[in-house]
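The block underneath contains the structure these notes are about, expressed in structure tokens.
The values are calculated or read from the model by the stated rules, or taken from the named source; none is laboratory data. All values derive from a computational prediction rather than experimental measurement. Backbone-built Cβ (ideal geometry, glycine too); neighbour counts: all protein chains shown. Surface accessibility is based on the protein's heavy atoms, side chains included, excluding ligands, DNA and RNA. Shrake-Rupley method; radii C 1.70, N 1.55, O 1.52, S 1.80 Å.
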Amino acid sequence: VQLQASGGGLVQAGGSLRLSCAASGRTFGSYAMGWFRQAPGKEREFVAAISWSAGNTYYADSVKGRFTISRDNAKNTVYLQMNSLKPEDTAVYYCAAGTVWRLPSSDYEYEYWGQGTLVTVSS
């Protein structure tokens, strides 16, 4: 599976962005998908995850209520709608795909990673 993240950019605090992650291959619906982010000088952290059929979603406490993960298996795409953005949301955002749903917040669960898209939130 190859993943291509897009949709990043510069936005003011309080604004919104929607990230997309397009996947290659015909087995997209077999993968759990996750979004992670890495801010400058910090370790990569979990943001959100969604199971194969979108029946389950999971969020980091820091984004709960502001971000929404969704997927369209017909389009081989997963989305991250980000609202009420804060300067501390500034980071490179990565999408990832994995075949298990045991601990979706762990990056060890994901076998494939996209290249990342930069989100910058100005105050």
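Straight Cα distances below 19 angstrom link Lys86 to the aspartates and glutamates Glu43, Glu45, Asp61, with same-chain residues fewer than 8 positions distant left out.
Calculate the dipole size of the range 1-71 relative to its Cα centre from +1 charges on Lys and Arg beta carbons and -1 charges on Asp and Glu beta carbons; express the result in debye to the nearest 20.
120 debye
Label sites at Ser84 and Ser6, each approximated as a point 7 angstrom past Cα along Cα to Cβ, lie 3.0 nm apart. Ordering 14-21, 99-106, 74-81 by mean Cβ neighbour count within 10 Å, with the highest value first, yields 74-81, 14-21, 99-106.
Rank Asp61, Asp72 by accessible area, highest first, at a 1.4 Å probe radius? Don't jump to the answer; show the numbers that get you there.
Values: Asp61 130, Asp72 45 Å².
Highest to lowest solvent-accessible surface, that is Asp61, Asp72.
Taking all protein chains into account, the per residue accessible area for the chain stands at 51 Å² (1.4 Å probe). Each Lys or Arg adds one and each Asp or Glu subtracts one; over the other residues with Cβ under 13 Å from the Cβ of Ala23, this totals +1. On the chain, 47 percent of the accessible area sits on carbon and sulfur atoms, based on a 1.4 Å probe. Cβ-Cβ distance of Trp52 and Thr120, R₀ of 30 Å, FRET efficiency by 1/(1 + (r/R0)^6): the value works out to about 0.40. Of all aspartates and glutamates in the structure, the ones whose alpha carbon falls short of 13 Å from that of Lys42, not counting any fewer than 8 places away in one chain, are Glu88, Asp89. Bridgeable lysines around Lys75 (alpha carbons under 26 Å apart, same-chain partners fewer than 8 residues away excluded): Lys64. Centroid-to-centroid, using Cα positions, the range 65-100 and the range 4-57 are 3 Å apart.
Label-to-label distance for Ala13 and Leu103 is 3.4 nm, based on points extended 7 Å past Cα in the beta-carbon direction. Take each peptide in 29-39, 50-60, count the other Cβ atoms within 10 Å of every residue, and average; sorted highest first, the result is 29-39, 50-60.
Averaging 1/r over every pair of different alpha carbons in the range 13-92 and inverting the result gives a Kirkwood radius of 13.2 Å.
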